[in-house]
Amino acid sequence: MESLKRMVWITALLLLCAPLLLQLSGIRLGQPLKGWQPPPPQDTLSWESWAEGNWQDNVEEQARYRLKARPLLARLNNQLRYSLFGQLNSRNVIRGKNGYFYEEPYIRSYLGLDFQGEESIAENVAMLETIADSLKANGSRLLFVLSSGKASFMPENFPPPYDTMPKGISNYETYRKYLLQSRIPTLDLNRYLQDMKDTASYKLYTKGNTHWSAYALYSVTDTLLRTIEQLLDRNLPDYHYGPVTIERKARGLDDGIFQSLNLLWTNMEDEYAYRDIILEPDQLPGAYRPKVWAIGDSFYGTLMDAGIPHRFFHPNSLFLYYFSEVRTLDGRTYPLKEVEKQRREIENQDLILIFITEANIGACCWGMTGAFYRMYQERNEGMME
Amino acid sequence: MVFSSALFVFYFLPVFLLAYLASPPAYRNRTALAGSLAFYTCGAPVFVFVLIASSLADFHIARRMSRLYDNRRRKWLWASVLLNLGLLGYFKYANFFVDNFNELLAGLGLEPMAWAAVALPIGISFFTFQKLSYVVDVYQRRMPPLERPADVLLYIALFPQLIAGPIVRYHEIARQLHQRERYYTLNHRINGLFRFAVGLAKKLFIADVMGEAVHQAFQMEAVGGLSTPEAWIIIVAYAFQIYFDFSAYSDMAIGLGKLMGFDFPENFNFPYISGSITEFWRRWHITLSKWMRDYLYIPLGGNRRGPGRTYFNLWVVFLLSGLWHGAAWAFVLWGAYHGLFLVLERLFLKRWLDAAGKWASIPFTFLVVLMGWVLFRAESIELAEAYYQKLFSLEGGDWSFSSQFWFTFLLAGAFSFMPTVGKLSFKLEEAYYSHISPAILAKGVFSLVILTLCFSEVAVAGFHPFIYFRF
């Protein structure tokens, strides 16, 4: 009994010292945490900051933030809260019915709780129309893609209180109305997936992701590429699909919301259908690949992750993520700072793709519309003079 | 630095513990003192000089007193009392008195007095009482004075109990300052670890969860929106929060003391099962009640000068006890309120409660305590008034609390009232304090699990200061 007690005591001491030892050794414990948290600001030590307690508060925050054992401990904590109380420790994530997770802004946007007002949307679309016309006059085209949204796709799984809230007019519906009335080429993938909902062979939205499923992604890719071909009146490289494989565990970020919960058990079991897009080999030499600037959100990011632009667009094509960060096809990332210089490049592109989902459409298009509209307005005024 | 902070749990505690365990017996006090001063300096770099200087003054006063046998002894005692209460009065109550004085001047249409607010040194209420305990015990020749200034400083500044108690009276710990081999055993250390783990868990998993809901409700703008059932649930939640917060700190302090070979007095004994307010104060903040009894109530004459004087003494003790808790009129009222019930119980209420039996007296006492907690939590008379109105307005309405809140609320309730029912609770309590090997082993293993869970909470949780740090 004494030796057992001694063993327990030594184990306890080791446990007490473990975080410190890990810190000293630099070994990080557990899978890295998903998602982003702003790092606590660094406060330099001064007599004033020490005496007033600011330095200590900062050191406390830093100590917690830099803790090597934090990933494992945070996952353990999140798992306990999730398993015992159903708590989700990820910003904006809520759990709907039948185990479907949502990001709250999508639901709010679908219900019209963030409605911008018809007038401002009409004005924005009018500016986009001017941009689209000007681009067309200069040999470039603009395609507005209304990306899909999980809330529109499956409102039947909303959790309380959203499940009983009356639906109001949404930004998406209003944008759609004005876009279809305008001369702006528009592709509504939201409606496209809703139309497929009852006939699709596999899930178009899985439980643990905000984004469409891999299977849905291949379907929308097909539609997107055909629309681009029609718009540009050029043939893009031909391709065919590989066989569908069904998996119970998600690949990559196909259960992205669930992974953002940072639990101990990170896989969300569901039906995940995967297939490859295979380019026809004889199409590769000399195939036409348009130069594309895609201004979009994470839904276009899923196309990037699946390598779609890499295979069908010119290698110099860019993804302007939220019109604030540039992502190149060879994996580089840099901030979009010099808009003045960048916007002159717009006419060197074959296609300007605006790719935006229902939760973000209220912010359309992150400053891009105003910037390009002013450019064309100034140019038109100059020509008049 | 609080015991539930990442700095303490992940850095200070392991470093200190390893250093202390590695120290030869002759050097353990030095390690403990160095750790304690580092602990206090980290949080209060300016006030550590106040702590050291006033402790050294008390060391010299006590030494001088112990060598005197005439009236000068009393003078030196008063010098120390004035010094310590003067410091407490200046740092803790000066702002309060100046604010009230300025309100009075404003009422008379006069210009307010210019005054730069004084910062409160953490733990001053607690270490002032320990310093007074030292000089009074030496004055009464209950214990001899300590030989070295470092020993006095160790008694005053010992970090587990430095800033939130338990208030360890000098005569309770004097011998342990140099002879604690008896408590420096493996069993004692495992028990200490267990108490620390239980305390940390009570703070993180019960008090903080209750505190979150209470904090949202106890705002002037939020009280109006509460329904009457919500207001009752919140005030009960606050009763649990303050009990589990404060007793958690005491558990951690006692546990850390045991890890170092000290045996600090218990501070709580299921206060909410009390059948009277008199009993409540024997179970709640026991070390404060004992201090007040030894160093205030008895010197005032206690109950030896007739019923009238006894009631007066009781009331004075509780008025001052209220003021000790905080420099605000709400605390003074809270103290007076408890004092009133103690007097009423001496007059007739205790007999009635005894006759009614525990199933009537316990709920009644709990209700009286709850009404007191409104004053205590509100901190302003206006907010307390609004809250009382809400409690008795019979406004219906919904309540919405999370499943975690309800789980914790019920768990806290079950723990708080456990001894009122059955033998199981008695057996659990027996195991809790047990020194037999299987129980010690079980507590050790339990501590490992609890500590792991606590670490996970500390690593992700926000900053949760202890309620009693203000006092």
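Values quoted throughout were computed directly from the atomic coordinates according to the rules given, and no laboratory measurement underlies them. As the structure is a prediction and not an experimental result, all values here were calculated from the model. Don't worry about glycine lacking a Cβ; one is built from the backbone with ideal geometry, like all the others, and counts go over all protein chains shown.
So, counting K/R as plus one and D/E as minus one, what does the shell of residues with Cβ under 14 Å around B:Ile206 add up to? It would help to have the intermediate numbers written out before the result.
Values: positive: B:Lys202, B:Lys203; negative: B:Asp208, B:Glu212, B:Asp245, B:Asp251, B:Glu457.
Neighbour charge sum, excluding B:Ile206 itself: -3.
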Worksheet, complete the sentence: Here the FRET efficiency for B:Trp78 versus B:Arg182, based on Cβ atoms and R0 = 45 Å and rounded to 0.05, is 0.75
Worksheet item: In the protein assembly as shown, which Cys residues have no partner Cys with a Cβ closer than 4.7 Å?
Response: A:Cys17, B:Cys42, B:Cys454
Discussion item. Please compute the average number of Cβ atoms from other chains found within 10 Å of each residue's Cβ in peptide A:16-29.
Written reply: 3
Discussion item. For the range A:363-379 and the range B:47-95, what is the centre-to-centre distance using only Cα atoms, to the nearest Å?
Written reply: 75
Worksheet entry | Stokes-Einstein D (µm²/s) once Rh is taken as the Kirkwood radius of the range B:207-315 over alpha-carbon pairs, at 4 °C in 1.567 mPa s | 78
Worksheet entry | Shape box of the range A:97-384 [Cα atoms, principal axes, largest first, Å] | 61, 51, 34
Worksheet item: For the peptides B:367-380, A:63-76, B:243-256, what is the packing order when you average, over each peptide's residues, the other Cβ atoms within 10 Å and list the highest mean first?
Response: B:243-256, A:63-76, B:367-380
Worksheet item: Taking θ as phi - 60°, what are the ³J(HN,Hα) couplings along the range A:84-100 by the Karplus curve (6.51, -1.76, 1.60), each to the nearest whole Hz, with x for Gly and Pro?
Response: 7, 10, x, 6, 10, 9, 9, 4, 6, 8, 10, 9, x, 6, 6, x, 8
Fill in: Value in Å of the Kirkwood radius, where the range A:137-224 supplies the Cα pairs that are averaged
14.7
Discussion item. I'd like the Karplus ³J(HN,Hα) series for the range A:323-335: coefficients 6.51, -1.76, 1.60, θ = phi - 60°, whole numbers in Hz, and an x wherever there's a Gly or Pro.
Written reply: 6, 9, 9, 9, 10, 8, 6, 8, x, 7, 9, 8, x
Discussion item. Can you list residues from other chains, or at least 5 along the same chain, whose modelled amide H is less than 5 Å from the amide H of A:Asp188?
Written reply: A:Leu146
Worksheet item: Does chain B come out rounded, prolate or oblate by the C-alpha gyration tensor, with a ≥ b ≥ c the root eigenvalues, rounded set by a/c under 1.5 and, if not, prolate when a/b is larger than b/c and oblate if not?
Response: rounded
Worksheet item: For A:Phe323, which sequence-distant residues (separation of 5 or more, or a different chain) have an amide H within less than 5 Å of its own amide H, given hydrogens modelled in the peptide plane?
Response: A:Gly296
Worksheet item: Among the lysines in chain B, how many pairs, 8 or more places apart or on different chains, have alpha carbons under 16 Å apart?
Response: 5
Item to complete: On a C-alpha basis, how far is the centre of the range B:402-450 from the centre of the range A:153-229 in Å? Whole number, if you could?
Response: 53
Fill in: Gyration tensor verdict on the range B:169-217 (Cα atoms; rounded if a/c is under 1.5, prolate if a/b is larger than b/c, oblate otherwise)
oblate
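One-quarter of the Cα convex hull surface for the protein assembly as shown, in nm²?
Taking the Cα atoms of the protein assembly as shown, their convex hull projects to 48.9 nm² on average.
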Worksheet item: Under 5 Å between amide H atoms, partner at least 5 residues away or on a different chain: which partners does A:Ile277 have, H built in plane at 1.01 Å?
Response: A:Gly242
Worksheet item: Under a straight-distance cross-link criterion of Cα-Cα below 17 Å, which lysines are reachable from A:Lys150, leaving out those fewer than 8 residues away in the same chain?
Response: A:Lys97, A:Lys167, A:Lys197, A:Lys203, A:Lys207
Worksheet item: In whole Hz, what ³J(HN,Hα) sequence does the range B:44-53 give by Karplus (6.51, -1.76, 1.60; θ = phi - 60°), x for Gly and Pro?
Response: 9, x, 7, 6, 4, 5, 4, 4, 5, 4
Fill in: Per-peptide average of other Cβ atoms within 10 Å, ordering A:149-157, B:228-236 highest first
A:149-157, B:228-236
Item to complete: Summarise the partner chain shielding of A:7-13 as one whole number: the mean count of Cβ atoms from other chains within 10 Å of each residue's Cβ.
Response: 6
